Amino acid sequence: MLANQIGYYSLILGLLVSVLLCGVSIKDFNNKNKQISQNILSLSFLQLVFVIVSFLSLIISFINSDFSNETVFNNSHTTKPLFYKISGTWGNHEGSLLLWLLVLTIFIFLFLIKSRKQPKKYRILTLLFQQVIIIGFFLFVLMTSNPFNYLFPIPREGLGLNPILQDPALAIHPPILYLGYVGTSIIFSSSLAAVTQSYVSKQWGQHIQKWVLVSWIFLTIGIMLGSIWAYYELGWGGFWFWDPVENVSLMPWITLTALLHCIVVLERRGVLTSWVVILSITTFTLSMCGTFLVRSGILNSVHTFANDPARGIFILIFLFVLIALSLGIFFMFHKENKKSLNNFFWLSRETSILINNWFMMYFLAVVLIGTVYPIFLDVISSEKISVGPPFYQKLIVPFLIPFLLFMSLGPRLKWIKSKIENRNSLIMIFIVSVMLTFFIIKNLTADLLFYTVLISATFFLFFTNLKELFIKKFNNISQIVSHLGFSLLILSILFNSILSSEIITNIKIGEKYDYDKGEIFFKKTEERKESNFNSIIAFFEIKDKNGKTIELKPEIRIYNQPVIITSEADIKTTLLEDKFLVMNLVKGNEYFNIRYQVKPFMVWIWISVILLSLGGLMSLFKRKI
Amino acid sequence: MKNKFSIFVIIIFLSFCFVIFYEGLNTPKTYTPKVNGKKNIQTFKVKDFDSNNYINSDKIFEDNIFYIVNIWASWCVPCRVEHPLLMELSKNQSIKIIGLNYKDNLSNAKNFINKFGNPYSKILIDSDGTLSIEFGAYGVPETFIIDKKKKIIKNYVGPINQEIVDEIKLIIK
């Protein structure tokens, strides 16, 4: 009860501090002092404290199961374990927006502390632009999605958190993802500030690069956590579904990756200034756009919490105000440095980065069109369509081939002007890659030519980086590790999709099912009671051709609040393959429906993503925060 | 001059996007095209989902009752939304629901049925989507109502909702 009040008034105070902060900043802007006034730092800290207090009080309401709070009532239950009571705080629309606000304020405060060496006016403008975003979100939370709505009479019991969200990976997925997703706001604000101050330069590139890296690392890991969750919890055995929500997290990731590379070019050569600014604006706009698409209910998705049109209209207007503001500033203030424009030699590192940027923009366009085209079509012609995975695969996968080749060659080139060195060893590696690919996959797939070319290109990237890793020692190791991770990711995804096998059958207790590679034996079931669910655990023995037996114990959980039945897959993970077994109840029948999948190299998908972000982390530490 | 023009184009484009998104928020999620005259369903041969054998269309629509043909796929998200309503309709004895599985992976489709329940008295496989074209389908999901004379009397594009379910119940009375 008390926590509820404190949380609500902290939010209002936080909004007031925002307004105050804008006033003080504007006053300080024309001041002759070299450093920004201490008041600004203190106010920014105060704002952060208010948002933290508000967020903590929501957590406390969740821990205490205070059902006088509407958000807690809608999303929690007394029998839920403590861990999920806490994670339930951001497992809903209102709480997750409070998390948005928290990340926004954390980032601007850290920015102010970490940018002391930067020009004063640039810092103040960054703060102002960030405050525009923060005020927008304060208003959004207070007006349409107040997490502290009061309920009377106080209900005795809550409605419960959707069981599929009660999962450790998913509990930390939103905060990590948000650090990346919302972290792009600081890139947006500072690039606008840099444009107005004509400060888009090598020096600025060096300074903003670490913020891009931080967002990128968190976004990468956040997406991976969501993907891991989908893999074992949704029980479909896949890890990427091209669901609109996955797409909206992938789109800022693509632009952020492109930005990461362009900033290096800016830092070294002082060119591509417009492009860097446009990418910075686009990245945050896509994050906002994602929030709009997911939260307004305009699309059907796992993450659509609430379908309140008022919310949709608010974010939509806010989104377009931000776009208009940023484009207005860009067109008014930005002057391209004409001198450096024609300074690209066709064979140089910056050219290869630029080319791969175009490819990334193409991938972005495919994902963007696949996600929003159904909405456009619906409004214009009232036609309903659903864009499925084949669309993305057909349009993206073939273009990976040149993309991978440029990725292998680009980093070997020098800046400004270059020629290909060590031509012989590159040709050798290429031949080895092609032959290796051919021997591996000649009996595996019908589409031999296409896969040979694709996998060869990936192996080529893999081996060139592996060679660099050994030869160059620690020069530019972060880039090599990341690119190695990326090639490994593509390899594992490709082999995973080519080599996966699955068996679906109905089976009852005590029965054996023979298939060409072994047999599945359904031993018994056991029932178990937990505080928030009852479960049926089945024991299966799976024998392969060599007589090796493994035991798998998939589970069916019947959650009490809300009553939902979920299937928990049992997965045995080894370095080479995952064995995945999931079962479902067949209604009015003693049979269970089981799905047994062997998925090779599954764990390598996660390892390679970790490698990818590890590269980012190394680069960050090299630069000393 | 060139700069002004590009600003103009961008403003027009953004306004267009805004209007589309704004309208998108308010549009209902279903659509009922006009059926021009009552159309007879054609005879066709199709693969059966359970037995994997080919069956003839007159064997499918043999009873003297109303039929509903529902086009669905496991990859189609709106299909999941309308699925509970189909389950509700399937309890009605005076209709049979025929599922037309559109361009789908068979194991995913089976999984979908196991997970969400089976409202269909029969499921047909339309792996290349040609049969759906024969029916005159607009996309997935889509629902056709077929009367006792084996004519298509109505179709609904997009996921069905409670209003449509009530309307269907009225038609078959």
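Computed from the coordinates by the stated procedures, all read-outs in this text should not be read as laboratory data. Since we're looking at a predicted model, the values are computed, not measured. Reconstructed Cβ throughout: ideal geometry from the backbone, glycine too, with neighbour counts over all protein chains shown.
Quick notes on this structure:
- For the stretch A:31-140, the share of alpha carbon pairs falling in successive 5 Å distance bins from zero is 2, 11, 20, 18, 14, 11, 9, 7, 5, 3, 1, 0 percent.
- A:ASN546 paired with A:PHE450, simple spin-label distance in nm, labels 7 Å along Cα-to-beta-carbon: 3.3 nm
- In summary, the helical segments of chain A meeting the span-like criteria, namely a full DSSP H run, a Cα extent along the axis of 30 angstrom or more and a mean Kyte-Doolittle hydropathy of at least 1.6, are A:38-63, A:93-114, A:309-333, A:448-471, A:477-499, A:602-622.
- Peptide A:287-294 - average C-beta neighbours from other chains (10 Å radius): 1
- Straight-distance crosslink candidates among aspartates and glutamates, where the alpha carbon sits under 16 Å from B:LYS151 and sequence neighbours closer than 8 are dropped: B:ASP58, B:GLU62, B:ASP63, B:GLU134
- Legend note: in chain B, cysteines whose Cβ sits 4.7 Å or more from every other cysteine Cβ are B:CYS17.
- Three principal axis extents describe the C-alpha atoms of the stretch A:579-620; from largest down they are 58, 18, 6 Å.
- Ordering A:TRP253, A:TRP606 by the number of other Cβ atoms within 10 Å of each residue's own Cβ, fewest first, gives A:TRP606, A:TRP253.
- For the stretch A:1-166, the tally of Lys pairs with Cα-Cα distances below 24 Å comes to 12, considering only residues 8 or more apart or on different chains.
- When B:SER121, A:SER478, A:SER191 are sorted by how many other C-beta atoms sit within 10 angstrom of their C-beta, beginning with the fewest, the order is B:SER121, A:SER478, A:SER191.
- Bridges between two residues of chain A, per DSSP, are antiparallel at a rate of about 100%.
- Members of A:LYS548/B:LYS110; B:LYS47/B:LYS91; A:LYS543/B:LYS115; A:LYS419/B:LYS4; B:LYS45/B:LYS91; A:LYS545/B:LYS45 lying beyond 32 Å, as alpha-carbon distances in this model show: A:LYS419/B:LYS4; A:LYS545/B:LYS45
- The residues B:GLU82, A:GLU530, when put in order of fewest to most other Cβ atoms within 10 Å, stand as A:GLU530, B:GLU82.
- Part-to-part distance (alpha-carbon centres) for the stretch A:450-502 and the stretch A:373-436, which is given in Å: 13 Å
- Placing dummy labels 7 Å off each Cα toward the beta-carbon, the span from A:SER535 to A:LEU436 is 4.0 nm.
- Average other protein chain Cβ within 10 Å of Cβ, residues B:13-25: 6
- Its Cα gyration tensor gives the stretch A:502-603 an equivalent ellipsoid. The semi-axes, each the square root of 5 times an eigenvalue, are 25, 16, 11 Å from largest down.
- In nm, spacing of pseudo-spin labels at A:ARG116 and A:ARG412 (7 Å Cα→C-beta vector): 4.6 nm
- Restricting the calculation to Cα atoms, the stretch B:31-171 shows an Rg/Rh of 0.92 when the hydrodynamic-style radius is the Kirkwood one.
- The distance from the alpha carbon centre of the stretch B:64-142 to that of the stretch A:174-228 is 44 Å, rounded to a whole number.
- Rounded to 10°, Cα long-axis angle of helix B:162-171 versus longest principal axis of chain B: 40 degrees
- Normalising the Debye intensity of the stretch A:58-99 to I(0), with uniform scatterers on Cα atoms only, and taking log10 at q = 0.24 Å⁻¹ returns -0.68.
- Judged by the mean number of other Cβ atoms found within 10 Å, the most tightly packed of the peptides A:547-556, B:17-26 leads the ranking B:17-26, A:547-556.
- Cβ charges +1 (Lys, Arg) and -1 (Asp, Glu), total dipole of chain A, debye: 3020 debye
- If the Kirkwood radius is taken over C-alpha pairs of the stretch A:479-558, then at 37 °C and 0.692 mPa s the Stokes-Einstein diffusion coefficient equals 208 µm²/s.
- Within straight-line cross-link reach of A:LYS394, aspartates and glutamates at Cα separation under 15 Å, skipping those fewer than 8 residues along the same chain: A:ASP447
- For chain A, the residue among A:SER115, A:PHE376, A:SER87 whose Cα projects farthest onto the positive side of the dipole built from Cβ charges is A:SER115.
- Note on the protein assembly as shown: along the principal axes its Cα atoms extend 89, 76, 58 Å, ordered by decreasing extent.
- Residue-span extension gain [A:ASN424 to A:ALA324] - 0.36 nm each, minus C-alpha spacing: 30.8 nm
- Here the calculated FRET efficiency for A:LEU377 and B:ASN161, from their Cβ-Cβ distance with R0 = 25 Å, stands at 0.80, rounded to the nearest 0.05.
- Pairs of Cα atoms nearer than 8 Å and 6+ residues apart set the relative contact order; for the stretch A:502-603 it is 23 percent.
- Paramagnetic label zone (point 7 Å from Cα along Cα-to-C-beta, B:ASP63; backbone N under 16 Å) in the stretch B:73-102: B:87-99
- Förster radius 60 Å - calculated FRET efficiency between B:ASN56 and A:ASN149 (Cβ-Cβ, nearest 0.05): 0.50
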